[in-house]
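> Pasting a structure here, questions to come.
We did not get these values from a lab; they are worked out from the coordinates using the rules stated. Owing to the predicted nature of the structure, the values given are computational and were not obtained by experimental measurement. Quick reminder, even Gly has a Cβ in these numbers, built from the backbone with ideal geometry, and neighbours come from all protein chains shown.
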Amino acid sequence: MRRRLRRVSIQRGKTGCRTGVTIVEVLIVVAIISILVAILLPAVQQSRATARKVQCADRLRQIGLAIHNFESTHHELPGGIKWRIQLLPYLDQQPLYDRLQGYFDRLPNQTPKLAAWRLTSGIPAFICPADLHADREIVSYYGNMGRALEKWGFDGVIVPPLGPGFYYGAINVPHTQGAVRLADITDGLSNTVAVSEAISGQRPGPSSVRADNVSRLQFLRTFWQTGPDLPTDASFEDRLQYCKTARERGAPSAGGERGWDAWPIVENDGSISLGAIIHGWAYDHALVPNSPSCGGSYWGFYSATSLHSGGVNALRCDGSAAAFSESVDLGVWRDLASRNRGIN
């Protein structure tokens, strides 16, 4: 009998064992999962950013192939504000090119930049996936027009055709030779950039500044926030430094940290607003990648920018695409812009 009672008591002890979990254990599990997510999420985001950067470079290579096909047909590179339109047939966009042809034929060489820009905005071939915003028009890729328009003229690759002095960025800048041929790129195709990324900022409403009789000096003081100490005959290097430090001085911006610009546009009513794009078709190498873009009246610097970490993708004239760091030496970056200056 005693053995039987003991056996029963043992069995009752077994049925009374705890089978649930405590709050402490639940919190520990949640904490472990949170730590794992915190570790893995940046890696996933970095992987996606890398994938977008690779896609961006691939699209640049497609543009490079289109440029070479265009050159094989026309024996010169596309140029001026129409260069993206000229490439449409070589980017599987023949129907779109045909629809635009009538307007394209009537498009003057000095048409307002926004007209040509809007014709190619939203076309996937001209959009870097990292710069995709559904709420606005986008063009991500701009032609290399040279080191700096005001000082060196159009010494780049994507330049206007022959004609009178071009009026964007600097007045009476000579067209050195018109459209460029591959043979004109004596610095070497692999040593010269043809196209790069340049993101754009949102365009705010018009400011209270009127365009009537606004001088170059007023443009600089108002939009670049240079202050009253700016001399009337500020040198090229002075203006370059003012643009480079525009963020620190709180100059008005049409973009965020990237795609930042202080580029005024004269509205139809005579007021002035900050431009939504650095330039309708081209950029320059006056400043290193991801620098501000500044302009107004006849002075301007149009920087290559991107949403990639640490630099921009750019297309070389040999058709290859590469990433260029925002810490690149300025002299090297300018050498990459010139087609025939010589390599230092």
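> What nm value, rounded to one decimal, do you get for the distance between Val37 and Asp184 when each label is placed 7 Å out toward the C-beta?
Taking the two extended label points, one gets 5.7 nm.
> Ordered by packing density, taken as the mean number of other Cβ atoms within 10 Å over each peptide's residues, highest first, how do 78-86, 325-333 rank? Display every interim value, and only then the final one.
On the way: 78-86: 23.8, 325-333: 14.1.
Per-residue Cβ counts within 10 Å, averaged per peptide and sorted highest first, yield 78-86, 325-333.
> At a 10 angstrom cut-off on C-beta neighbours, averaged per residue, how do the peptides 52-59, 184-191, 27-34 rank from highest to lowest?
Working: 52-59: 17.9, 184-191: 15.4, 27-34: 10.4.
Ranking, from highest mean packing down: 52-59, 184-191, 27-34.
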